[in-house]
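J.: I'd like to ask you about the structure that follows.
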Amino acid sequence: MAGSDIRIKAENCSGCLRCSLACSFYNTRDRVFSLAEAQIVVKPDESNAWFNVEFREDCIVCGICVEHCDFGALTWA
Amino acid sequence: MGKLGGYAGEILKVNLKEKEICTEPIPLDWISRFIGGLGISFKLAYDNACPGKDALEPENVLIFGAGPFVGTLIPGACKTTVVAKTPVSGFLGISGTGHLGMLKFIGYDNLMITGKADHPVYLKIDDNVEICDASDLWGKDTWETTEALWQKLGKQYVVASIGPAGENMAVQASIIVNKYSAYAQSGMGAVMGSKNLKAIAISGSKSISVADPERFSELMDKAYQQSIENQKEVINVFREWGTLRAMGPPISQFGPHEYKNYSEIVPPDLPYKFPLDRFMSEIKRGDISCMGCPIGCKHLIRLLKGDRVGGSMAVSCLVGGFHGFAAHCAVEGWEDAIRCDELCNRLGMDYLSAGAAISFAIELYREKIIDKADTDGLELDWGAAKEVQELLRQMAFGQGFGKILGQGLSKGPQLIGKNSEKYAVHTRGHAIYYDPRRAMSPDLFSDMINASGDRFHAPGWAGKAMTKEFLIKHLGMPPDQADHAVTDIKGYGLARFAKWAEDNATMFECLGQCQMPMHQQVELSVWAVLYEALTGIKMNGEKLLQAAGRVWDIRRMFDFREGRTRKDDSFIARRFVSERLVSNGEDHDPVSKESFDALLTEYYKERGWDLTDGAVKQVNNDNGFV
Ligand code: SF4
Ligand code: SF4
Ligand code: SF4
């Protein structure tokens, strides 16, 4: 399942979007920055700390987002 | 144009009166002259604003801008700005935030709004641009507005909205992004309100291309190394405390200087009224970051009071709230200080400007220049938190004495009369952070003459002493000048130095880069090659700084056209030139007008501006921006 080996701790998420920006830049063929093409989506969600973090269907579990998360919101399971 | 990396390449223009929406490519020569973001916004302001019109008339133009770096992974590449003629001074006003980078993903570098809608509207921008009815949102605070738009459109939309303060055109009105991040100073929320524009909701599916991805990737790592890896300790402190770091020793020595409307110096025990251990254990819930920044110097905090007690609030600049309420108004304790911040966020008002206006009112009341009859029964005093909070509401809703305070520190005293101007401490209407009687510094000098809502952060205070090497490699100073500046800043000239630091900060704002001290640790040459790898345009540090200087010129030309002269720049609040600062065992002379004037001459010389009226000289005009 998409991103199933990656553990999300949304309460640590700062909303920096570095995961999404890195996912799109390192995984797209044209090497672009794009929130639409990123396989990880971060949105405001006050019921859950301040942000909600979710993987999209086509996540290939490459771990680039984990490498770019400086807040401990993404770790390997 | 579309082939350039970094830039979206387009300007979106919306005329609210005519309901016209159009896009235009950014001319290439604008990019080479003004870089992007803030620089392009100034050019648009210069070309499109109607000279001589009031800031709150429909002719004013409101321009958002995001530089070429915004939306990339360069650490701290998040800074967006909004500019317009400000109702605070009638000259150009600027404000910035790190949370509207979505602008780039809807495919625009700049968004220019003109005219006034005939009823309240909001702008919805995704793959389409729509002017939508906002009658049901008018009157709501920024939290309610954002929540309503999220419910209607989805949370993928970034929402920049105004609260009642913007609707009622208080000059302290801010624009609040996603419920917390503020375009705080210079009354941009009032300009938005004057256009009947309640909110802008954006969600983008576009992408930002990179000219040379391999090289760009390596250089991003280098920037990460210099700004983050090389100073982990500083970063950790910054993430923990954010701008509150300015409260604790030794920073508090140049932390909140103003106290009780600049009548005193902050007492050394002020920080103890706000125990930092309690902040950590009971108040702070998490870190909040701007787009693309691994530092996260903003906070998620717990509300301790009010109708949403126990709930959370994200805050951008907590120390701004301290300046505004704990220092200016002497409000004590976390509960009330945070409640003031919360009200400001919801009403859409800037902490510092609102606090400064209220501290002015408190002093007038204590000096018996105004009384209960003026304040509708409110008994104002230092630390009277309930009254401070009530005045915040009144300012936002244009009621009671708050209606006068909402006119700001320049117009307000004229309405009050009775020599109240004596107590109005500001620079051309803008509140300032520090007291020049205590110490003049390049950043304070810059703040006093160029007050416009933005300011530069003194370079080098990220725990490192300012060295000659830093000035050469980071500010781009020629070695002989850097030598002089570092051994003898007074002899070199702090006003001369201010010019270099201002250009550096402006370069950051044009690129779209946060200028917090950690990010200043990246070398100028690295910024230049990053730009080159991203955009495909040849660049070096010298050219970046030249462009920043040009951006200062066009900003000056805008103001000059509005009548700004050397006299405006020489303005110093009466208190600073006529009263000694005697407090906490310190005794400081008033500011000498003569020595301030000498600094001004030095500054104009360094900028190449006319010494008599501060006009941009013809020789600077070979940039062809007129
Ligand atoms: S694991 Fe890889 S593909 Fe999946 S979201 Fe993270 S970066 Fe993208
Ligand atoms: S998951 Fe990590 S990288 Fe992604 S937004 Fe949250 S803090 Fe930033
Ligand atoms: S350092 Fe702070 S203000 Fe600057 S980009 Fe990072 S989180 Fe934002």
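J.: List the pairs whose first member sits in segment B:411-439 and is closer than 14 Å to B:Ile358 by Cα, whose second member is among the aromatic types (Phe, Trp, Tyr), and whose Cβ atoms are under 6 Å apart, counting only residues at least 6 apart or on separate chains?
T.: Matching pairs, first to second residue: B:Tyr423/B:Phe360; B:Ala424/B:Phe360; B:Val425/B:Tyr262.
J.: Could we say that B:Arg393 is open to solvent by 50 Å² or more (accessible area, probe 1.4 Å) and touching a His at 6+ places or on another chain (Cβ under 6 Å) here? Spell out how you get there, then give the answer.
T.: Values: open to solvent by 50 Å² or more (accessible area, probe 1.4 Å): yes; touching a His at 6+ places or on another chain (Cβ under 6 Å): no.
Criteria not met by B:Arg393.
J.: Given (1) at positive phi; (2) surrounded by 24 or more Cβ atoms within 10 Å (Cβ to Cβ), where does B:Gly139 come up short, assuming only one miss?
T.: Only one criterion in (1) at positive phi; (2) surrounded by 24 or more Cβ atoms within 10 Å (Cβ to Cβ) is unmet by B:Gly139, namely (2).
J.: Taking B:Cys132 as meeting all but one of (1) crowded, with 18+ Cβ neighbours inside 10 Å; (2) more than 14 Å from every other protein chain (Cβ to nearest Cβ); (3) of a type outside the set (A, V, I, L, M), write down the number of the exception.
T.: Against the list (1) crowded, with 18+ Cβ neighbours inside 10 Å; (2) more than 14 Å from every other protein chain (Cβ to nearest Cβ); (3) of a type outside the set (A, V, I, L, M), B:Cys132 comes up short only on (1).
J.: Now for a different question. Give me the pairs, please: first residue somewhere in segment B:510-522 and more than 16 Å from ligand 2 (Cβ to nearest atom), second residue anywhere and of a type in the set (Lys, Arg) and open to solvent by 10 Å² or more (accessible area, probe 1.4 Å), beta-carbon distance under 7 Å, and either six or more positions apart or on two chains.
T.: B:Gly512/B:Lys79; B:Gln513/B:Lys79
J.: Please name all residue pairs, on different chains or six or more residues apart, with Cβ atoms under 9 Å, provided the first residue is in segment B:209-227 and is free of Cβ contacts under 8 Å to residues at least 40 places away in the same chain and at the interface with chain A (Cβ under 9 Å from one of its Cβ atoms) and the second residue is assigned to a helix (DSSP H, G or I) and open to solvent by 20 Å² or more (accessible area, probe 1.4 Å).
T.: Between residues of segment B:209-227 that are free of Cβ contacts under 8 Å to residues at least 40 places away in the same chain and at the interface with chain A (Cβ under 9 Å from one of its Cβ atoms) and residues that are assigned to a helix (DSSP H, G or I) and open to solvent by 20 Å² or more (accessible area, probe 1.4 Å), the close pairs are B:Ser217/A:Tyr26.
J.: Return the total of residues in segment B:543-562 being over 30 Å from B:Met477 (Cα atoms) and either free of Cβ contacts under 8 Å to residues at least 24 places away in the same chain or open to solvent by 50 Å² or more (accessible area, probe 1.4 Å) (or both).
T.: At the first step, the residues of segment B:543-562 found to be over 30 Å from B:Met477 (Cα atoms) are B:561-562.
Still in the running and either free of Cβ contacts under 8 Å to residues at least 24 places away in the same chain or open to solvent by 50 Å² or more (accessible area, probe 1.4 Å) (or both): B:561.
Counting residues in segment B:543-562 that are over 30 Å from B:Met477 (Cα atoms) and either free of Cβ contacts under 8 Å to residues at least 24 places away in the same chain or open to solvent by 50 Å² or more (accessible area, probe 1.4 Å) (or both) gives 1.
J.: Still on this structure, I have one more. Of all residues in segment A:6-27, how many are farther than 19 Å from B:Gly101 by Cα, near ligand 1 (Cβ under 10 Å from one of its atoms) and open to solvent by less than 30 Å² (accessible area, probe 1.4 Å)?
T.: Restricting attention to segment A:6-27, the residues satisfying the condition of being farther than 19 Å from B:Gly101 by Cα are A:6-12, A:26-27.
Now restrict to residues that are near ligand 1 (Cβ under 10 Å from one of its atoms): A:6, A:26-27.
Still in the running and open to solvent by less than 30 Å² (accessible area, probe 1.4 Å): A:6.
Number satisfying all stated conditions: 1.
Yes or no, residue by residue, for (1) outside any helix (DSSP H, G or I); (2) at pLDDT 95 or above; (3) surrounded by 14 or more Cβ atoms within 10 Å (Cβ to Cβ); (4) within 16 Å of ligand 2 (Cβ to nearest atom):
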{"site": "B:Ala211", "(1), (2), (3), (4)": "yes, yes, yes, no"}
{"site": "B:Glu214", "(1), (2), (3), (4)": "no, yes, no, no"}
{"site": "B:Ser217", "(1), (2), (3), (4)": "no, yes, yes, no"}
{"site": "B:Ile235", "(1), (2), (3), (4)": "no, no, yes, yes"}
{"site": "B:Arg239", "(1), (2), (3), (4)": "no, no, yes, yes"}
{"site": "B:Gln253", "(1), (2), (3), (4)": "no, no, no, no"}
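J.: Please determine whether any residue of segment B:342-349 is open to solvent by 20 Å² or more (accessible area, probe 1.4 Å), away from every other protein chain (no Cβ under 12 Å) and in a helix (DSSP H, G or I).
T.: Looking only at segment B:342-349, we keep the residues that are open to solvent by 20 Å² or more (accessible area, probe 1.4 Å), and these are B:346.
Filter once more, so that each one left must be away from every other protein chain (no Cβ under 12 Å): B:346.
Still in the list and also in a helix (DSSP H, G or I): B:346.
For segment B:342-349, residues open to solvent by 20 Å² or more (accessible area, probe 1.4 Å), away from every other protein chain (no Cβ under 12 Å) and in a helix (DSSP H, G or I): present.
J.: Here's something else I'd like to know. How do the pairs read when you match residues in segment B:142-158 that are free of Cβ contacts under 8 Å to residues at least 12 places away in the same chain with residues anywhere that are in a strand (DSSP E or B), using Cβ under 6 Å and keeping only pairs 6 or more apart or on different chains?
T.: B:Lys155/A:Lys43; B:Lys155/A:Pro44
J.: Of the conditions (1) open to solvent by 30 Å² or more (accessible area, probe 1.4 Å); (2) away from ligand 3 (no atom under 16 Å from the Cβ); (3) not aromatic (Phe, Trp, Tyr), A:Gly63 fails just one. Which one is it?
T.: The failed condition is (1).
J.: For the condition at positive phi and open to solvent by 10 Å² or more (accessible area, probe 1.4 Å), what is the one hit in B:Gly296, B:Gly306, B:Gly311, B:Gly292?
T.: Numbers: B:Gly296 fails: open to solvent by 10 Å² or more (accessible area, probe 1.4 Å); B:Gly311 fails: at positive phi; B:Gly292 fails: open to solvent by 10 Å² or more (accessible area, probe 1.4 Å).
Only one candidate qualifies: B:Gly306.
J.: Next question, about the same structure. Taking the condition of being more than 13 Å from every other protein chain (Cβ to nearest Cβ) and surrounded by fewer than 24 Cβ atoms within 10 Å (Cβ to Cβ), how many residues in segment B:196-208 meet it? Working first, answer last.
T.: Step one: list which residues in segment B:196-208 are more than 13 Å from every other protein chain (Cβ to nearest Cβ), which gives B:196-200.
Of the ones still in play, those that are also surrounded by fewer than 24 Cβ atoms within 10 Å (Cβ to Cβ) are B:196.
Residues in segment B:196-208 being more than 13 Å from every other protein chain (Cβ to nearest Cβ) and surrounded by fewer than 24 Cβ atoms within 10 Å (Cβ to Cβ): 1 in total.
J.: Here's a follow-up. Does B:Ile295 satisfy being part of a strand (DSSP E or B) and either of a type in the set (Val, Ile, Thr) or more than 14 Å from chain A (Cβ to nearest Cβ) (or both)?
T.: Details: part of a strand (DSSP E or B): no; either of a type in the set (Val, Ile, Thr) or more than 14 Å from chain A (Cβ to nearest Cβ) (or both): yes.
Taking the combined requirement at face value, the residue does not satisfy it.
J.: Please verify whether A:Ala36 is farther than 15 Å from B:Ile288 by Cα, facing chain B (nearest Cβ under 7 Å) and open to solvent by 20 Å² or more (accessible area, probe 1.4 Å), treating the condition exactly as stated.
T.: Details: farther than 15 Å from B:Ile288 by Cα: yes; facing chain B (nearest Cβ under 7 Å): yes; open to solvent by 20 Å² or more (accessible area, probe 1.4 Å): yes.
So A:Ala36 fits the description; yes.
J.: Determine whether segment A:4-21 contains at least one residue that is away from chain B (no Cβ under 12 Å), in contact (Cβ under 8 Å) with a residue 60 or more places away in the chain and among the basic types (Lys, Arg).
T.: Filtering segment A:4-21 down to residues away from chain B (no Cβ under 12 Å) leaves A:4-8.
Going one step further and asking which of them are in contact (Cβ under 8 Å) with a residue 60 or more places away in the chain, we end up with A:4-8.
Still in the list and also among the basic types (Lys, Arg): A:7.
Yes, because at least one residue in segment A:4-21 is away from chain B (no Cβ under 12 Å), in contact (Cβ under 8 Å) with a residue 60 or more places away in the chain and among the basic types (Lys, Arg).
J.: Please enumerate the residues belonging to segment A:36-50 that are free of Cβ contacts under 8 Å to residues at least 24 places away in the same chain and either within 16 Å of ligand 3 (Cβ to nearest atom) or touching a strand residue (DSSP E or B) at 6+ places or on another chain (Cβ under 8 Å) (or both).
T.: A:Val41, A:Lys43, A:Glu46
J.: Within segment B:1-33, which residues are out of contact with any Lys or Arg (no Cβ under 7 Å at 6 or more places or on another chain), assigned to a helix (DSSP H, G or I) and open to solvent by 40 Å² or more (accessible area, probe 1.4 Å)?
T.: Passing the criteria: B:Leu28, B:Asp29, B:Ser32.
J.: I've got another one for you. Does B:Met169 satisfy the criteria of being aliphatic (A, V, I, L, M), open to solvent by 50 Å² or more (accessible area, probe 1.4 Å), away from every other protein chain (no Cβ under 12 Å) and in contact (Cβ under 8 Å) with a residue 24 or more places away in the chain? Steps first, please.
T.: Numbers: aliphatic (A, V, I, L, M): yes; open to solvent by 50 Å² or more (accessible area, probe 1.4 Å): yes; away from every other protein chain (no Cβ under 12 Å): yes; in contact (Cβ under 8 Å) with a residue 24 or more places away in the chain: yes.
It is true that B:Met169 is aliphatic (A, V, I, L, M), open to solvent by 50 Å² or more (accessible area, probe 1.4 Å), away from every other protein chain (no Cβ under 12 Å) and in contact (Cβ under 8 Å) with a residue 24 or more places away in the chain.
The values are calculated or read from the model by the stated rules, or taken from the named source; none is laboratory data. Owing to the predicted nature of the structure, the values given are computational and were not obtained by experimental measurement. Quick reminder, even Gly has a Cβ in these numbers, built from the backbone with ideal geometry, and neighbours come from all protein chains shown. For the accessible areas, the whole protein counts, side chains as well, though only heavy atoms, and no ligand, DNA or RNA atoms are used. Shrake-Rupley method; radii C 1.70, N 1.55, O 1.52, S 1.80 Å.
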